Amino acid sequence: MAEPLRIALAGLGTVGAGVIRLLETNAALLRARSGREMRIAAVSARERHKDRGVDLSPFAWVDDMAELAARDDVDVVVELVGGSDGPALALARKAIASGKALVTANKAMVAHHGAELAAAAERAGTALKFEAAVAGGIPVVKALREGAAANAIGRIYGILNGTSNYILSTMEATGAGFDETLAEAQRKGFAEADPAFDIEGTDAAHKLAILAAICFGAEVDFAGVTCEGITRVRAEDIARADTLGYVVRLIGMADLEPGEDGTTALLQRVRPCLVSKGHPLAHVTGATNAVVAEGNFSGRLLFQGAGAGAGPTASAVVADLIDIARGEIGAPFSIPSAEMAPMPRAEAGHRTGRTYLRFTVADRPGVLAEMTAAMRDAGVSIESLIQQGRQEEGGEVLVAMVAHEGPERNVQHALELLRGSDSFTAPPLSMQILGD
Ligand SMILES: NC(=O)c1ccc[n+]([C@@H]2O[C@H](COP(=O)([O-])OP(=O)(O)OC[C@H]3O[C@@H](n4cnc5c(N)ncnc54)[C@H](OP(=O)(O)O)[C@@H]3O)[C@@H](O)[C@H]2O)c1
């Protein structure tokens, strides 16, 4: 049998401890499948004596995790610390520069610095792998880089954040409001004490930028993702969507737009959408993630599974270690980084589609006429309109409408015409409609 694969683990939290458990539990199977023993040589975290539920005594302890990159008894550094910059990035750069392979679950770091790290890994002739950074336990990076590699991907999209999906699908099941459901998700451990990254769409945007780079061969462009979270979705929106045959999901979506001058532009968006109950993503509930890739020969591919958690994320980390043990390096984003260039950003307004619009309006005469006039002037044709009866004298009234298929630019224009009007008690919410 070949030499053991010698591993350094930086970060011994949820994922780090999960990786240690997996390497122990499945040791024989991993040896058989990779042809090598997987041996942890050294570990590092902040607090040496914290009980992590795993035995660290067989491994060398390193206080300064940057030192892991310089050790002679290490082939692969596994970065499970987190944070787009700071010590995680310093470690990643140092490990690659020292010719060591790098495995990371850090989507923020890959979304911000993936292009730089990939180029450095290729120069050093070593591996950079980040299966766990996208959709946790779902092997979607590998599926796109390898299984679906023969296809031109038309569109990549999905439910990329488990916390948001848990909140939206719980609101759907209980009829409860956003704040109440978020608080319950925090109590149950499905949302962090500071949930901003999840509910504002940033986490999904990190993953989308990585997926888009793999699918379209463009340099990772996290700053190019337009991002809107779920904080403004109300119980009433979910109820209206249900009546119309839809559910509400936070969808990250990327696709290409051919320009008139022969160039191609990339459109990347994370936003809540109405998803037809006939679409597979409508049935993805709880903290699950799901990714859809549309290949020109494969057709629609759907990947679904746990997007987070110690076990699923460790499964993805160790899958990368198996690849490295087998000597499978490959270009981190599927094509060599020298061939990946920044791609122009497409303008969303060119797109056509159906849109759900919700207004909360003051209960007084003339407001509906004001709204429908703005729609008419912007060229938006209304397919259906639901007005929720007043609950109390002078209270707010909820008006939901569905706009016929048409340019998104027109809907934006209508909302601009209404901006600043004192008829509204809150800014309007618009959500794209995703058909079957
Ligand atoms: N949790 C998930 O389900 C999941 C899923 C997919 C991807 N990820 C990604 O995986 C990574 C790790 O996530 P996690 O949930 O395992 O995080 P975590 O539980 O907070 O663990 C982070 C670990 O990093 C250590 N650490 C933090 N700052 C450090 C520093 N300056 N120097 C040395 N060690 C430091 C911590 O040490 P102490 O323990 O001593 O404080 C801890 O062991 C993140 O990039 C995350 O986005 C996580």
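Based on this model, can you work out whether I335 counts as open to solvent by 30 Å² or more (accessible area, probe 1.4 Å), within 29 Å of A213 (Cα to Cα) and β-branched (V, I, T)?
In short, yes.
Hey, among the residues in region 28-47 that are in a loop (DSSP other than H, G, I, E, B) and more than 32 Å from the chain's Cα centre (by Cα), which one's farthest from V74 (Cα to Cα)?
It comes out as G35.
Between residues in region 141-153 that are open to solvent by 30 Å² or more (accessible area, probe 1.4 Å) and residues that are among the charged types (D, E, K, R), which pairs lie under 7 Å by C-beta distance while being six or more apart or on different chains?
K142/E131
Can you tell me how many residues within region 249-273 are out of contact with any Ser or Thr (no Cβ under 9 Å at 6 or more places or on another chain) and surrounded by 15 or more Cβ atoms within 10 Å (Cβ to Cβ)? Before you say what the answer is, go through the steps one by one.
Here is the first cut: in region 249-273, the residues out of contact with any Ser or Thr (no Cβ under 9 Å at 6 or more places or on another chain) are 251-255, 259-266, 273.
Subsequent filtering for residues that are surrounded by 15 or more Cβ atoms within 10 Å (Cβ to Cβ) retains 251-255, 265-266, 273.
Final tally of qualifying residues: 8.
Pick out the one residue from S57, S84 that is in contact with a His (Cβ under 6 Å, 6 or more places away or on another chain) and open to solvent by 20 Å² or more (accessible area, probe 1.4 Å).
S84
Tell me the helices (runs of 4 or more DSSP H) entirely within region 178-267 that contain at least 2 residues that are closer than 28 Å to R345 by Cα and without any contact (Cβ under 8 Å) to a residue 24 or more places away in the chain.
Details: elements: 178-187, 196-199, 202-216, 235-244.
In region 178-267, the matching helices (runs of 4 or more DSSP H) lie at 196-199.
What pairs can you find where one residue is in region 286-303 and free of Cβ contacts under 8 Å to residues at least 40 places away in the same chain and under 17 Å from A133 (Cα atoms), the other is aliphatic (A, V, I, L, M) and surrounded by 19 or more Cβ atoms within 10 Å (Cβ to Cβ), and their Cβ atoms are less than 8 Å apart, with a gap of 6+ or different chains?
none
Of the residues that make up region 319-339, is at least one modelled with pLDDT of 90 or more, of a type outside the set (G, A, S) and farther than 30 Å from V19 by Cα?
Checking region 319-339: at least one residue is modelled with pLDDT of 90 or more, of a type outside the set (G, A, S) and farther than 30 Å from V19 by Cα.
Hey, A319 hits all of (1) over 30 Å from Q186 (Cβ atoms); (2) aliphatic (A, V, I, L, M); (3) touching a Leu at 6+ places or on another chain (Cβ under 9 Å) but one; which does it fall short on?
(3)
Can you find, within region 87-115, the residue that is most open to solvent (accessible area, probe 1.4 Å) among those that are of a type in the set (G, A, S) and more than 13 Å from the ligand (Cβ to nearest atom)? Steps first, please.
Initial filter on region 87-115 (of a type in the set (G, A, S)): 88, 90, 92, 95, 97-99, 101, 105, 108, 111, 114-115.
When the remaining residues are screened for being more than 13 Å from the ligand (Cβ to nearest atom), the result is 95, 97-99, 101, 114-115.
Numbers: A95: 0, A97: 87, S98: 60, G99: 41, A101: 7, G114: 1, A115: 34 Å².
So, considering only residues that are of a type in the set (G, A, S) and more than 13 Å from the ligand (Cβ to nearest atom), the one most open to solvent (accessible area, probe 1.4 Å) is A97.
If you take the residues in region 15-27 that are within 13 Å of the ligand (Cβ to nearest atom) and open to solvent by less than 30 Å² (accessible area, probe 1.4 Å), which one is farthest from the chain's Cα centre (by Cα)?
Across region 15-27, the extreme among qualifying residues is I20.
Please find, among S34, S57, the residue that is over 21 Å from A319 (Cα atoms) and more than 16 Å from the ligand (Cβ to nearest atom).
Numbers: S34 fails: over 21 Å from A319 (Cα atoms).
Answer to the check: S57.
The values are calculated or read from the model by the stated rules, or taken from the named source; none is laboratory data. Values in this document were obtained by computation on a predicted structure and should not be read as measured data. Here the Cβ is made from the backbone with ideal geometry for all residues, glycine too, and neighbour counts use every protein chain on show. Surface accessibility is based on the protein's heavy atoms, side chains included, excluding ligands, DNA and RNA. Shrake-Rupley method; radii C 1.70, N 1.55, O 1.52, S 1.80 Å.
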